[in-house]
Structures are given as C-alpha cells and as structure tokens.
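**Student:** My questions all concern the structure below.
The values are calculated or read from the model by the stated rules, or taken from the named source; none is laboratory data. Keep in mind that this is a model prediction, so the values were computed, not measured. Neighbour counts run over all protein chains shown; Cβ positions are idealised from the backbone, glycine included. Ligands, DNA and RNA are excluded from the accessible area calculation, which covers all protein heavy atoms including side chains. Shrake-Rupley method; radii C 1.70, N 1.55, O 1.52, S 1.80 Å.
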Amino acid sequence: VPGSVTLLAGEPGIGKSTLLLQALWWMADAGATCLYVTGEESVQQVRLRAERLGTLNRHLWLVSETSLPHIIAHVDALKPDVLAIDSIQTMHDPELGSAPGSVAQVRGCTHHLVQQAKARDLTTVCVGHVTKDGAIAGPRVLEHIVDTVLSFEGERHHSLRLLRALKHRFGGTHDLGLFEMADAGLEEVPDPSALFLTDRHPGVAGSVVAPIMDGQRPLLVEVQALVGSDENRGGSPRRCAQGLDPGRLATVLAVLDQRARVKLASLDVHALAAGGVRVVEPGADLALALALTSASRDTAIADDLVACGEIGLGGELRQVGQMSRRLAEAARLGFHRAIVPESAPAAPDGIELVRVRTLPDAIGAAMAHRPEGRRMLAK
Ligand code: TYD
Ligand code: MG
C-alpha cells in the first residue's frame, strides 16, 4: 500500500534481509523503483548476495547508510516507490542526540520515516531485530507507530520459516506465509503438511498426527512424545516441550493423571512438534495426550489416524474451530480415521470419524485401532 509502513521483525539470522531482498526484487521486476538501505552490511556484500539470489534488477537500488538525513537525501534524489531500511536499530538521527540503537533513536527514526512515508506516498519496510524474549530496544516499542507488523519466525536449525502478520491496518492478520531457507534463498513451500510428514517413521510409539490451524491454513503436524523409562530419583522430573506450550503440556499431563489414569508424574517427559513448527492452539491437545499415552505404553498408534480436539480439565473433549478444514486436509494426505470430539461436524470424503466424549474414550479408540501394516501415504 503506498504510504504504508511495515515492520519486518525477527530474530537475528532468521532471514529477514534475504526475504526483503527477494521481495524488493519482485516489486522492482514489476517496475517499482526500490531503494534498499543497509546499515548492517557493505554495498558489496549485499550486491554479492543479490547476485547469488538472482535478484539484481535495474530498478532495485542499494545504499549503505545509517544517518537518517542522508537517507532522506537519497530518497529526494531517487524518488523511489519503495524504501527498505535494514535495520531500524542501526539508523540514527543526529537531531535526537541519544546514542544509536537506543529506544529513543529507534522510536524517533521510525516516527520520522512514518511522516516521510505519508507525505510522499512512499511504501516503507523496516527490518527490526527482536531477541527471543522480544524486548531490548526492540520493535515492540514500534508496533503502535507502524501500519503493519510482520513477524518472521522459525527454528534456527530448521529450514522452515513462517511469515505472519501480527498487526495489519490494510488487511487480515490470518494469512500465513511458509518458506524454506534454501541455498538460493527463500523458496515457497507449496504443500507444508506433506513437508512436515516426510520424515515420519510409521509404527513408532509416541507419535500422533494433529491437524492444526495456523492462521487460515490447516497444517498436519506430527506430535511426538518420549517418556523416561526409569522412576526419577530425587529432584523433579524433566518436562521438555519443543514447539509446544510447556503450560499446555503440564495441563495435559495432569488431566491424563487424574482423569485417564496415565501416571507420568514421576517420569521424565519430552514432547515436541516435529519439523520446527510452533503449535500455539489447543486443537493439538488430544494428539499430545495420545502420543504421551502411546509412549508410556510403548505401543504405536495406527499411522493412518489423526486426532484433534481440546482437552478440558474434567477430561472432556471439546470442539475446536475449523474442524471441517482440518479433516479435509487430513483426508487429502491419505489419513483414513480421525478421533474427534462428539460434536464434530460431518466427515469429509475419504476419512472416517471416531467420535468420543472423553479422554479415556479417546485412548480406548486409539489403542483399538492398532497398526495394521498399512502405510500412510504422505504424498
Ligand atoms: P539473513 O537474511 O542475513 O538473516 P537476518 O537478516 O534475519 O539476520 O540470513 C541469515 C541466514 O540465512 C544466514 O545465516 C545464511 C542463511 N541463508 C541461506 O541459507 N541461503 C541463502 O540463500 C541466504 C542468502 C542466506
Ligand atoms: Mg540482516
């Protein structure tokens, strides 16, 4: 949107500069004049990267600069349609007096850029580094100043990257962009569910697939659990959650213990969402509970089965939103059965629903449908 200001936030090294360079190239290729201002790298470094990414374009201009008045002078000279600032933390305005990188500088520079964007109808994108806790002179202080906040996320050691809108003045915040960081930059992931399931080993205890929603996108995610075989001697047992909410894991363990007689209180428990995805919704509760039960009994659950539902403290299963879309995604990827809350809508073609009221019923149903040697096709 002309005149809009977007903050592209993410941890250092996650791929913000790469995404920006590729996005600018698309716009330049469509004829927009783009100015990329880097305060972090030399012009040679960025040009080398652009060469490697194949994103050189005569409409894409590059300058290494950190002084805001100088940047405005470049804007005056070039009159770009799109201005990219990488990163806002490296910019400074001598008029503000405080040290570069300080909250006052970051906020002041952003204010100035917003004014320029509105006055010139200049589309502006600022990169902002956030630390894991999201604090420290970071973009959080800028969220209310800019029009749009995009968060670029992923696990450093996985190639998957997720782009989501946390705030969007000119559109919805439900869209999710999925990319893979490859040798030639970021590539779109056309079929994320299949990607998450490619390395899955069928027939292993402690693995259950959950159809989750991330924004408006249904994703199939493998939830894995491993339970220590020995009673923990002294000290509290380990609780390790990766890609899952530790609070949610604790709650599911407590409900398993109290309502389903699955006793794991004294054992080490590891749980993760495979593939570097972060599950932030309760629809994966049931899959987590079944994975934990399966792990503790060292009994695999049928690999053509998915489970979806929120678990209440009474051990009851609750409906989650967009169930039809979740189940359709599961059916598309070759799953034949789904354990769901009783109130779930009608099944889409190709998948049979096993409706259950409580967690113990769900465990009974999952254990009754044991592997039959039928291999799941994640293609
Ligand atoms: P970068 O865009 O510099 O991250 P940020 O601007 O968020 O700090 O990219 C970081 C990492 O991405 C870098 O460590 C190497 C990797 N990368 C690739 O794997 N492939 C590529 O084509 C590029 C450009 C980077
Ligand atoms: Mg960078």
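**Student:** Can you tell me the accessible area per residue over the chain, all protein chains present, probe 1.4 angstrom, in square angstrom?
**Tutor:** Computed with neighbouring chains in place, this is 45 Å² per residue.
**Student:** Moving on to the next point. By what distance, in whole Å, do the Cα atoms of the range 249-379 stretch along each of the three principal axes, largest value first?
**Tutor:** For the range 249-379, the Cα extents along the three principal axes come out at 42, 31, 30 Å.
**Student:** Still on this model: Along its three principal axes, how long is the range 135-200 when you only count alpha carbons? Whole Å, largest extent first please.
**Tutor:** 42, 28, 24
**Student:** Let me ask something else. Kindly provide the pair-distance distribution of the range 184-266 built from C-alpha pairs, with 5 Å bins from 0 and whole-percent values in order of increasing distance.
**Tutor:** In whole percents, the pair-distance histogram is 3, 11, 16, 21, 18, 13, 9, 5, 3, 2, 0.
**Student:** Rg and Dmax of the range 60-213, using alpha carbons, in Å: what are they?
**Tutor:** 19.4, 65
**Student:** Give me the mean projected area, in nm² to one decimal, of the convex hull enclosing the Cα positions of the range 1-113.
**Tutor:** With the hull built on Cα positions only, its mean projection is 6.9 nm².
**Student:** What is the distance in Å between the Cα centres of the range 180-213 and the range 324-340?
**Tutor:** Rounded to whole Å, the Cα centres lie 16 Å apart.
**Student:** While we're looking at this one, here's another question. Specify the inter-centroid distance of the range 1-51 and the range 149-169, based on alpha-carbon positions, in whole Å.
**Tutor:** When both Cα centres are located, 16 Å separates them.
**Student:** Over the Cα atoms of the range 58-138, what radius of gyration and what Dmax do you get, in Å?
**Tutor:** Expressed in Å, the Cα Rg and Dmax of the range 58-138 come to 12.8, 39.
**Student:** Mind grabbing the base-10 log of I(q)/I(0) for the range 278-329 at q = 0.16 Å⁻¹? Debye formula, identical points on the C-alpha positions, no solvent, two decimal places.
**Tutor:** Computed log10 I(q)/I(0) values: -0.52.
**Student:** Provide, for q = 0.13, 0.15, 0.18, 0.21 Å⁻¹, the log10 of I(q)/I(0) from a solvent-free Debye sum over equal Cα point scatterers in the range 172-224.
**Tutor:** -0.40, -0.52, -0.70, -0.86
**Student:** Short version: what are the Cα gyration tensor semi-axes of the range 1-50, square root of 5 times each eigenvalue, largest first, in whole Å?
**Tutor:** Working from the Cα gyration tensor, I get semi-axes of 19, 15, 10 Å.
**Student:** So what is Rg over Rh here for the range 174-315, counting just Cα atoms and using Kirkwood for Rh?
**Tutor:** 1.00
**Student:** Using square roots of five times the C-alpha gyration tensor eigenvalues, list the equivalent-ellipsoid semi-axes of the chain in whole Å, biggest first.
**Tutor:** Computed over the chain, the values are 47, 22, 18 Å.
**Student:** Right, here's the next one. Between Thr173 and Ala254, what is the label-point separation in nm under the 7 Å Cα-to-beta-carbon projection?
**Tutor:** Between Ala254 and Thr173, the simple spin-label model gives 2.8 nm.
**Student:** Now for a separate question. Before anything else, pin down the relative contact order of the range 63-157: Cα pairs under 8 Å, at least 6 apart, normalised by residue count, whole percent.
**Tutor:** Numbers: 104 pairs, mean separation 25.3, N = 95.
Taking the mean separation of contacting Cα pairs over the length of the range 63-157, I get 27 percent.
**Student:** Right, here's the next one. If you count, for each residue, the other Cβ atoms within 10 Å and average over each peptide, how do 291-298, 97-104 line up from highest to lowest?
**Tutor:** 291-298, 97-104
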